[in-house]
Every structure is written in C-alpha cells, then in structure tokens.
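Trainee: If you scroll down you'll find the structure; I have some questions about it.
The values are calculated or read from the model by the stated rules, or taken from the named source; none is laboratory data. No experiment lies behind these values; they were computed from the predicted model shown. Neighbour counts are summed over all protein chains in view; Cβ atoms, including those assigned to glycine, are modelled from backbone coordinates with ideal geometry. Surface areas here come from the heavy atoms of the whole protein model, side chains and all, with no ligands, DNA or RNA. Shrake-Rupley method; radii C 1.70, N 1.55, O 1.52, S 1.80 Å.
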Amino acid sequence: MTKDYTRQYWEDLLAKARPEGRHFIDGAYTAAATGKTFLRPRPMDGQPGTEIARGDAEDINLAVAAARAAFARGVWRTKEPLEKKKIMLKWADLIRQHAEELALLETLDVGKPIMASLNVDVRLCADGIQYYAEMIDKLYDEIAPTGPNARALVRKVPIGVIGAITPWNYPLIIDAWKLGPAIAAGNSVVLKPAEQSSLSALRLAALGHEAGLPAGVLNVVTGYGEETGKPLALHMDVDMIAFTGSTEVGKLIMGYAAQSNIKRVALELGGKSPIVVFADSDLDAAASAAAWGCFYNSGETCHASTRLIVERSVQDTLVEKIKAVTAREITLAHPFDMSAQIGALIEESHLQKVLGMISDGLASGGRRAFGAERVLDDTGGYYVSPGVIADVSNDMPIARNEIFGPVLVSIPFDTEQEALSIANDTIYGLAGAVFTSDMNRAHRFSEAIHAGTVWVNTYDMSNFATPFGGFKQSGFGRDRSVHAIDKYCDYKTIWQQFG
Ligand code: NAP
C-alpha cells in the first residue's frame with residue numbers, strides 16, 4: 001500500500017532526524033582523529049546541514065588497517081557463500097525498511113526531490129545490493145584443460161582492500177554499484193563519499209553492519225577529496241581504487257596509483273552525451289526523451305543527454321515540443337514539495353558555474369529558447385530552471401564541457417555524416433542515442449556512436465543486468481551486471497601434479 005505523503009510529513013521527519021556525521025570504522029562510529037568537522041549548507045534552502053567528520057590521512061590509515069585485518073582474518077572472505085548471501089540480502093531488506101530515513105538524508109545532502117530519493121535512489125540502492133547478494137552462491141571457478149597427470153584450478157579470488165571514491169549526484173545508487181560487487185566478491189572496502197553527500201553512505205554502512213557484515217569489512221571515511229581521497233588512493237596497503245567522478249580527478253587517481261603501489265583502478269568519469277534526432281523520427285518521443293534525459297536530477301547526471309544534435313529542418317519544432325514536455329511534466333520545486341520532479345543544484349559554487357556556462361553560451365552565439373535561468377532564489381537554495389540553448393555549434397565550450405545542470409544545447413546538422421561526426425567529436429564516450437524511423441540508419445548509428453551505451457529511439461533505459469561505463473575519457477571498467485564482479489576479483493592458478 002502506498003502512503004499518502006505530504007510536505008508536512010517530511011518536515012516532521014526532518015524535525016525529528018538526528019543524522020550521524022562521524023566516520024564508520026571497524027564497526028563503529030568514530031570522530032576524526034583530529035576532532036575536526038565541517039558543515040555544508042543544504043542545497044534546498046542554504047541552511048546549515050549536519051556536522052561531518054573532517055577526515056585526513058590518519059583516519060584513512062585506521063580504516064585501511066581495519067579493512068586489511070578483516071580481510072586477513074578471513075571473517076568475510078571465507079564465510080560460507082550461503083551465509084554471505086543471507087547477510088547481504090538482510091542488508092538490502094534493512095535499506096528498504098529504512099527507506100524514508102535514507103531518502104531524507106539523500107535529499108538533505110543533495111537537494112533532489114524527496115519522492116525521487118525514495119522511489120528511485122533508495123530503491124535502486126537496495127536492488128543493487130540484492131542483485132550481487134544473489135550471485136554469491138552461484139559463482140563457479142574453472143578447471144583448465146591439462147594433461148592426464150595434472151590439475152590446474154583457475155580460482156577467482158577477491159583482490160583485498162578496495163578504496164571506493166564516489167560523487168554526490170547519485171550517492172546511494174553509485175555506492176551500491178561499488179559496494180555490492182566488491183563485498184559480494186569477498187573484499188573489504190574503505191568508502192570515501194563526496195564531501196557534499198556523506199550522510200547516506202554513513203547510514204548504509206551501519207545498516208550493513210546491523211545485517212551481519214563483520215567489523216572492518218565496510219568502512220566509511222568522510223572529508224575533502226585532497227585530505228581523504230588522495231591518501232586513500234596513495235595508500236600502499238590499498239589494492240584497488242574504484243572511482244566515480246570527474247575526468248579531471250580520474251586522471252589524478254591514475255597518477256596516485258602509479259606513484260604508490262601500482263594498485264589497479266576502475267574509472268567511471270564524465271560525459272557529454274549526444275542525442276541525435278533525424279527529421280523522420282517520432283518527434284514527440286524524441287522531445288520527451290531529450291527533456292527527461294537532460295533535465296532529470298537537475299541535469300546532474302553523468303550520462304545526461306546534454307547535446308541535442310538535430311536535423312536543421314526540425315530544430316524549432318523539436319525545441320517547442322521539448323518546451324511543452326518540460327512545462328507539462330518536469331516541475332521544478334522545493335524537494336519536499338510533492339509535485340517536484342526536479343529540485344536544487346548541489347551548491348552555490350556549482351550554481352555559479354552553471355550560470356556562467358549559460359552566459360558564455362549565449363555570448364558565443366547560442367539562443368535561449370526557454371528556461372536556463374536562476375529561479376526560487378528567495379528559498380535560499382540553488383535552483384536553475386530547465387531550458388534549451390539553441391543554434392549552438394559543437395566547438396563552443398557549452399557544447400564541449402560538462403554543464404551538470406538542467407541545460408540542453410541544441411546543435412543543428414544537415415547531413416547524416418555531419419551528425420555522426422558531431423556526435424563523436426567529444427573527449428567523452430559514456431552514452432548516446434539516435435532517433436530515426438529508418439532502421440538501417442538506426443543500426444548504423446548504434447554501431448558508430450562511440451560510447452559505452454547507445455539507445456535507439458529511447459533514452460536512459462537501464463537495469464542491473466546491463467554494464468554501465470564509458471569509452472575514451474569517460475573511463476574504463478564497468479559498474480552493474482555480472483561483469484562488475486570481475487572488476488573486484490583476480491585470477492589465481494593452482495597446479496597439482498599426481499601420479
Ligand atoms: P569529483 O569532483 O571528481 O569528485 C568525485 C570524488 O573524488 C569525490 O568523493 C571527491 O571528494 C573526490 N576527490 C576530489 N579530489 C580528489 C583527489 N585529489 N584525490 C582523491 N579523491 C578526490 O566529481 P563530483 O563533482 O563529485 O561528481 C561529478 C562528476 O562525476 C561528473 O564529472 C560526472 O560526470 C561524474 N560521474 C560519472 C559517473 C559514471 O558512472 N561515469 C556517474 C556519476 C558521476 P570531494 O567531494 O570531497 O572533493
């Protein structure tokens with residue numbers, strides 16, 4: 001039965017909430033070794049948020065030592081697969097039982113609508129943990145072909161201590177994408193959430209512990225990237241960094257791995273995904289996909305459909321349709337408002353960056369078709385209305401750099417060849433889409449767009465069975481699907497000779 005939620009319901013829950021802001025190390029909440037904390041304003045109204053432990057290398061050392069000790073003792077790694085599965089399934093259940101609390105924490109931190117946090121982010125987080133729990137007792141190792149007097153076992157073994165560094169745009173979902181397969185494979189983890197979004201990660205770890213994850217298997221150290229993420233990535237006793245974030249920081253992570261112990265890295269980085277629309281397509285479907293693909297989560301989505309590459313003859317019609325879909329379906333409002341489909345941007349500095357990119361796009365010759373303006377400033381929060389800047393060319397900064405706001409740029413084209421070359425003319429390769437009624441062209445484009453995911457006549461369809469990640473400077477390694485397990489395992493061969 002679904003509850004009849006109201007804004008007042010969430011205000012009341014907030015009044016009672018006492019979020020935890022200390023690290024979670026070796027099965028317990030722990031203040032930073034220095035005793036330092038930091039405070040961040042809430043995106044929805046600019047009011048001060050929760051005090052968060054400001055970690056540094058000392059806290060990272062403690063968390064890595066706890067993770068290593070748990071791995072060495074084998075308290076999790078060597079547990080019966082069925083037992084491990086039950087514990088992770090219980091963790092998923094606890095996430096569902098605490099869905100309202102987790103949704104509140106997520107919305108307080110990142111400003112997305114509370115109903116999206118509840119119905120999308122918390123749900124997908126629990127589903128992600130469950131997906132990998134269910135795999136635990138279904139994975140087999142291999143026996144390699146050999147001569148008659150020998151046996152060679154090819155074992156898939158956990159890597160050891162994984163450092164997970166995550167961004168603020170979908171904290172619960174991306175944490176689950178990393179924790180699910182890493183822990184299911186038998187590793188220990190030290191998670192460093194983004195400084196903007198610590199609360200849900202801390203609660204997630206405590207729920208895992210409550211479900212039965214032994215102390216030290218999952219640790220969370222909060223703080224700034226330079227002060228906590230960097231020492232984690234440079235740590236000599238961390239075996240792998242699973243990173244999601246910007247391409248800029250991803251490059252630093254590769255450097256830290258090389259400077260320290262050649263730890264392996266997996267990088268899920270930025271995007272500037274094209275959505276190519278031909279005049280022969282269903283323009284209503286294309287308009288809906290372009291609007292939702294770009295504006296959902298206020299455009300703070302790595303694979304957002306940020307570049308609309310549209311056949312010139314239908315640009316104006318399509319942009320009008322996008323405007324109509326946006327007005328009809330994508331309500332921007334306070335995140336506790338039940339009508340909100342999109343909420344606030346993450347912080348003041350990001351708001352200013354987005355507004356600056358819009359001004360720059362207009363100054364370079366782009367035309368504001370609608371929206372893309374600061375709104376609701378009387379709330380004290382950071383809101384930009386969804387909008388389209390049309391007549392953009394692909395060499396403008398607004399077409400090349402991630403905006404990470406609800407701003408779609410429209411780039412007209414005249415020929416199929418030109419459309420493809422614009423689509424691939426980017427340093428990124430995370431995702432892309434083509435809209436056309438010509439199935440031959442659909443096949444050609446789905447093969448030729450150089451991206452980890454390509455959609456045909458739709459956008460942003462996904463489930464756990466499909467790998468997610470990028471080509472080019474969008475990174476390497478894949479989250480989700482059975483293949484994500486491989487990322488957190490190594491192969492070990494054991495030879496045995498017999499008479
Ligand atoms: P970010 O600035 O790169 O930060 C990501 C994480 O790295 C944060 O936890 C951050 O901590 C940490 N960090 C920053 N500097 C570091 C350093 N020198 N050493 C180690 N860690 C460091 O990215 P963001 O702004 O949080 O997230 C937005 C970006 O993530 C966008 O580019 C988006 O496209 C990308 N993204 C990609 C995917 C994908 O699957 N491909 C998914 C979601 C987001 P602090 O927050 O404390 O600085």
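Trainee: Looking at Phe278, Phe243, can you tell me which residue is of a type outside the set (S, T, N, Q), within 18 Å of Ser410 (Cβ to Cβ) and modelled with pLDDT of 95 or more? Show your work before the answer.
Mentor: Details: Phe243 fails: within 18 Å of Ser410 (Cβ to Cβ).
Within the list Phe278, Phe243, the selection yields Phe278.
Trainee: Taking into account only those residues within the range 1-51 that are β-branched (Val, Ile, Thr), more than 24 Å from the chain's Cα centre (by Cα) and modelled with pLDDT of 95 or more, which is nearest to Glu210 (Cα to Cα)?
Mentor: To start, the set of residues in the range 1-51 that are β-branched (Val, Ile, Thr) comprises 2, 6, 25, 30, 34, 37, 50.
In the following step, the residues that additionally are more than 24 Å from the chain's Cα centre (by Cα) were identified as 2, 6, 30, 34, 37.
Then keep just the ones that are modelled with pLDDT of 95 or more; that gives 6, 30, 34, 37.
Working: Thr6: 30, Thr30: 16, Thr34: 27, Thr37: 26 Å.
The extreme case among them is Thr30.
Trainee: For the range 377-388, does any single residue satisfy the condition of being assigned to a helix (DSSP H, G or I) and open to solvent by less than 10 Å² (accessible area, probe 1.4 Å)?
Mentor: For the range 377-388, residues assigned to a helix (DSSP H, G or I) and open to solvent by less than 10 Å² (accessible area, probe 1.4 Å): absent.
Trainee: Next up: Being more than 12 Å from the ligand (Cβ to nearest atom) and not β-branched (Val, Ile, Thr), is that true of even one residue in the range 221-233? Reasoning before the result, please.
Mentor: If we filter the range 221-233 for residues that are more than 12 Å from the ligand (Cβ to nearest atom), which is where we start, we get none.
No, every residue in the range 221-233 fails to be more than 12 Å from the ligand (Cβ to nearest atom) and not β-branched (Val, Ile, Thr).
Trainee: Quick one: how many residues across the range 334-348 are open to solvent by 10 Å² or more (accessible area, probe 1.4 Å), in contact with a Ser or Thr (Cβ under 6 Å, 6 or more places away or on another chain) and within 15 Å of the ligand (Cβ to nearest atom)?
Mentor: 0
Trainee: Take the conditions over 25 Å from Thr493 (Cα atoms) and among the small types (Gly, Ala, Ser) and apply them to Ser200. Does it pass?
Mentor: Details: over 25 Å from Thr493 (Cα atoms): yes; among the small types (Gly, Ala, Ser): yes.
In short, yes.
Trainee: Of (1) of a type in the set (A, V, I, L, M, F, W, C); (2) part of a strand (DSSP E or B); (3) crowded, with 24+ Cβ neighbours inside 10 Å, Ala369 satisfies all except one. Which?
Mentor: Only one criterion is unmet by Ala369, namely (3).
Trainee: Can you pull out every residue in the range 337-366 that is part of a helix (DSSP H, G or I) and of a type in the set (S, T, N, Q)? So that I can check it myself, show each step before the final result.
Mentor: Of the residues in the range 337-366, the ones part of a helix (DSSP H, G or I) are 348-363.
Ser349, Gln352, Ser359 - these are the residues of the range 337-366 that are part of a helix (DSSP H, G or I) and of a type in the set (S, T, N, Q).
Trainee: Then there's this: Kindly list, by first and then second residue, each pair from a residue in the range 455-472 that is farther than 17 Å from Gly429 by Cβ and free of Cβ contacts under 8 Å to residues at least 60 places away in the same chain to a residue that is among the β-branched types (Val, Ile, Thr) and open to solvent by 50 Å² or more (accessible area, probe 1.4 Å), limited to pairs with Cβ atoms under 8 Å and residues at least 6 apart or on different chains.
Mentor: Pairs that qualify, where the first residue is farther than 17 Å from Gly429 by Cβ and free of Cβ contacts under 8 Å to residues at least 60 places away in the same chain and the partner is among the β-branched types (Val, Ile, Thr) and open to solvent by 50 Å² or more (accessible area, probe 1.4 Å), are Ala465/Val482.
Trainee: Determine the pairs where a residue that is modelled with pLDDT of 95 or more, located within the range 227-238, has a partner that is within 8 Å of the ligand (Cβ to nearest atom) and among the basic types (Lys, Arg) with Cβ atoms under 6 Å apart, the partner being 6 or more residues away or on another chain.
Mentor: Going by the 6 Å Cβ cut-off, the qualifying pairs are Thr228/Lys192; Gly229/Lys192; Leu232/Lys192.
Trainee: Same structure again: Suppose we filter the range 185-218 for residues that are within 15 Å of the ligand (Cβ to nearest atom) and either more than 19 Å from the chain's Cα centre (by Cα) or over 23 Å from Arg18 (Cα atoms) (or both); how many remain?
Mentor: Residues flagged as within 15 Å of the ligand (Cβ to nearest atom) and either more than 19 Å from the chain's Cα centre (by Cα) or over 23 Å from Arg18 (Cα atoms) (or both) within the range 185-218 amount to 2.
Condition check ((1) within 16 Å of the ligand (Cβ to nearest atom); (2) in a helix (DSSP H, G or I); (3) open to solvent by less than 20 Å² (accessible area, probe 1.4 Å); (4) hydroxyl-bearing (Ser, Thr, Tyr)) across all residues:
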position: Leu104; (1), (2), (3), (4): no, yes, yes, no
position: Asn119; (1), (2), (3), (4): no, yes, no, no
position: Met135; (1), (2), (3), (4): no, yes, no, no
position: Pro148; (1), (2), (3), (4): no, no, no, no
position: Arg151; (1), (2), (3), (4): no, no, no, no
position: Trp177; (1), (2), (3), (4): yes, yes, no, no
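Trainee: Given the conditions (1) in contact with a strand residue (DSSP E or B) (Cβ under 8 Å, 6 or more places away or on another chain); (2) closer than 20 Å to Gly250 by Cα, report the number of the one that Ile183 does not fulfil.
Mentor: (2)
Trainee: Moving on. Among the numbered criteria (1) within 18 Å of the chain's Cα centre (by Cα); (2) more than 10 Å from the ligand (Cβ to nearest atom), which single criterion is violated by Ser246?
Mentor: Against the list (1) within 18 Å of the chain's Cα centre (by Cα); (2) more than 10 Å from the ligand (Cβ to nearest atom), Ser246 comes up short only on (2).
Trainee: Among the candidates Val220, Val249, Val238, single out the residue that is open to solvent by less than 10 Å² (accessible area, probe 1.4 Å) and over 18 Å from Tyr488 (Cα atoms). Walk me through how you get there before you give the answer.
Mentor: Details: Val249 fails: open to solvent by less than 10 Å² (accessible area, probe 1.4 Å); Val238 fails: over 18 Å from Tyr488 (Cα atoms).
Just a single option satisfies the conditions, and that option is Val220.
Trainee: For the range 252-307, give me each residue that is β-branched (Val, Ile, Thr), away from the ligand (no atom under 13 Å from the Cβ) and either crowded, with 24+ Cβ neighbours inside 10 Å or not assigned by TED's automatic domain parsing to the domain that holds Asn119 (or both). Reasoning before the result, please.
Mentor: Step one: list which residues in the range 252-307 are β-branched (Val, Ile, Thr), which gives 253, 262, 265, 275-277, 301, 306.
Those left that are additionally away from the ligand (no atom under 13 Å from the Cβ): 262, 275-277.
Within the range 252-307, Ile275, Val276, Val277 qualify.
Trainee: Of all residues in the range 442-499, which are surrounded by fewer than 20 Cβ atoms within 10 Å (Cβ to Cβ) and in a helix (DSSP H, G or I)?
Mentor: Ala442, His443, Arg444, Ser446, Glu447, Ala448, His483, Ile485, Asp486
Trainee: Can I ask one more? Of all the residues that make up the range 122-157, how many are under 20 Å from Ala484 (Cβ atoms) and over 23 Å from the mean Cα position of the chain (by Cα)?
Mentor: 11
Trainee: Name the residues in the range 410-441 that are within 16 Å of the ligand (Cβ to nearest atom), open to solvent by less than 10 Å² (accessible area, probe 1.4 Å) and in contact with a Gly (Cβ under 7 Å, 6 or more places away or on another chain), would you? Before the answer, list the steps.
Mentor: Kept after step one, since they are within 16 Å of the ligand (Cβ to nearest atom), are these residues of the range 410-441: 426-432.
Checking which are open to solvent by less than 10 Å² (accessible area, probe 1.4 Å) leaves us with 429-432.
Selection gives Gly429, Leu430, Ala431.
Trainee: With Gly111, Gly160 as the choices, which residue is crowded, with 23+ Cβ neighbours inside 10 Å, at pLDDT 95 or above and among the small types (Gly, Ala, Ser)? Walk me through how you get there before you give the answer.
Mentor: Details: Gly160 fails: crowded, with 23+ Cβ neighbours inside 10 Å.
Exactly one of Gly111, Gly160 is crowded, with 23+ Cβ neighbours inside 10 Å, at pLDDT 95 or above and among the small types (Gly, Ala, Ser), namely Gly111.
Trainee: If you check every pair at least six apart or on different chains, which have Cβ atoms under 6 Å apart with a residue in the range 201-216 that is assigned by TED's automatic domain parsing to the domain that holds Val238 first and a residue that is open to solvent by 30 Å² or more (accessible area, probe 1.4 Å) and among the β-branched types (Val, Ile, Thr) second?
Mentor: Matching pairs, first to second residue: Pro214/Val75.
Trainee: List the residue pairs whose Cβ atoms are under 8 Å apart, where the first residue sits in the range 321-335 and is outside any loop (DSSP other than H, G, I, E, B), the second is open to solvent by 50 Å² or more (accessible area, probe 1.4 Å), and the two are 6 or more positions apart or on different chains.
Mentor: Close Cβ pairs satisfying both conditions: Lys321/Asp284; Val325/Trp292; Glu329/Trp292; Glu329/Gln341; Leu332/Gln341; Leu332/Leu376.
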